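Input: a single structure, listed below in structure tokens.
The values are calculated or read from the model by the stated rules, or taken from the named source; none is laboratory data. Just so it is clear, the model here is predicted, and its values are computed rather than measured. Cβ atoms come from the backbone with ideal geometry, glycine included; neighbour counts cover every protein chain shown. Protein only, heavy atoms only, side chains kept; ligands, DNA and RNA dropped before computing areas. Shrake-Rupley method; radii C 1.70, N 1.55, O 1.52, S 1.80 Å.
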Amino acid sequence: MTAPPRSVISVDVEDYYHVEAFADIVDREQWDSYPSHVEANTRRLLDLFDECGVTGTFFILGWVAERQPKLVREIVARGHEPACHSYWHRLIYKLTPEEFHADTKRAKNCIEQAAGEPVYGYRAPSFSVTARSAWALDVLADLGFRYDSSVFPVKHDVYGVPDAPRRPFSVDTSSGRMIEFPMATFRLKSGGPNLPVAGGGYLRIFPYWYTRMGVRRAWREGLPVISYIHPWEVDPEQPRISGRLKSRLRHYTNLSKTEERLRKLIGLGAFSSFRDSGLECAAPNYDFKEMVNEKR
């Protein structure tokens, strides 16, 4: 049997009160008033990765790096790749290019100062590089990023570029070449819709057989699986926030099952960080911005 493509495990380092699901009721200026669980939960993931013998990419919120630099240094000391997840966790398509530039520059500086090494990867809050914000790739390249992993080739109410390529591709920007690593999807049949798999709420909410089937189908297509998790997803004891019903269902469902499901996912194949994956070597050029402009 042919070995599955090299795949990536990543962590979006944020706390339970940073999430977009509760942004309508949690004021960012009040974040410091919430009990922080991000340090303990991130260490829980670090320990799990050690047990599984994998290294991952940690997309760190600049707000967290600024307040907990020791956590960033521990991530690096334990062999993982530090990367950027914005500063204020705001949807890119609700920002101007100037606002996005300022937020990302601030976050990158905070993370690099704490990590003691350059940061080359970026992931947008809630995968918010969409048709409305494709310009963000130019800003990222201008700030010295080499790759992004924010495009999700699915239909969703918050994010998604359904017609985007499903495998890594490169984009020519005004400041040079950027690699895009789309999030994992699979299809039940040729030409069918892209279905999300192997990360976050999809790993928690759907039964594990769905994850296993989806990952194996993606690998049969020769697609690397770009997976992700948040530290708060392994914390069933986190404080509850009284948000909208849909937000509560998305955020709190199956928190007690995440850790074991993540362990099983990692056991399916060869996962690593973006830095160690070598996937950028097989990323053909694609005119992403022209494609999204045609679809708008």
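Probe radius 1.4 Å, ligands and nucleic acids ignored: give me the carbon and sulfur share of the accessible area of segment 198-296 as a rounded percent.
Working: 2460 of 4770 Å².
Ligands and nucleic acids excluded, carbon and sulfur give 52 percent.
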A chain fully extended from VAL76 to ASN254 at 0.36 nm per residue, minus the present Cα-Cα distance, gains in nm 61.1 nm
Expected vector for segment 123-128, Karplus 3J(HN,Hα) from phi with 6.51, -1.76, 1.60 and θ = phi - 60°, integer Hz, x for Gly and Pro, equals 9, 6, x, 6, 6, 8
For segment 142-154, Karplus-derived ³J(HN,Hα) couplings (6.51, -1.76, 1.60; θ = phi - 60°; whole Hz; x for glycine and proline) come out as 4, 8, x, 6, 9, 8, 10, 9, 10, 7, 10, x, 9
Mean separation of Cα contacts under 8 Å (at least 6 apart) over the residue count of the chain, i.e. the relative contact order in percent, is 24 percent
PRE zone check, label point 7 Å out along Cα-to-Cβ of ASP163, amide N under 20 Å, scope segment 176-198, hits 180-183, 185-187, 190-196
For segment 150-296, shape from the Cα gyration tensor axes a ≥ b ≥ c, cut at a/c of 1.5 then a/b versus b/c, turns out prolate
With every protein chain kept in place and a 1.4 Å probe, segment 13-97 has an accessible area per residue in Å² of 38 Å²
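Segment 50-116: which trypsin sites (Lys or Arg not before Pro) are DSSP loop and have at most 11 other beta-carbon atoms within 10 angstrom? Before the final figure, lay out each step's value.
On the way: sites: ARG67, LYS70, ARG73, ARG78, ARG90, LYS94, LYS105, ARG106, LYS108; in loops: ARG78, ARG90.
Here no trypsin sites (Lys or Arg not before Pro) fit, given the DSSP loop and packing criteria.
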Dimensionless Rg/Rh of the chain, both radii on Cα and Rh by Kirkwood, sits at 0.93
Taking segment 1-157, the equivalent ellipsoid from its C-alpha gyration tensor has semi-axes in Å, biggest first, of 23, 20, 16
Of the listed pairs LYS94/LYS264; LYS108/LYS155; LYS189/LYS264; LYS264/LYS289, those with alpha carbons more than 31 Å apart are LYS94/LYS264; LYS264/LYS289
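Could you give the length gained on full extension between SER174 and GLU98, defined as 0.36 nm per residue of separation minus the Cα-Cα distance, in nm?
Details: separation 76, 0.36 × 76 = 27.36 nm, distance 1.56 nm.
So the chain would gain 25.8 nm between SER174 and GLU98.
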In segment 232-266, the GluC sites (Glu not before Pro) that sit in a DSSP loop and have at most 10 other Cβ atoms within 10 Å of their own Cβ are GLU237
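Accessible area per residue for segment 172-212 in Å², computed with a 1.4 Å probe and the full protein assembly in place, what is it?
Working: 1740 Å² over 41 residues.
Using a 1.4 Å probe on heavy atoms only, each residue of segment 172-212 averages 42 Å².
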Residues whose built amide H sits under 5 Å from the amide H of VAL154, excluding neighbours closer than 5 in sequence, are VAL161
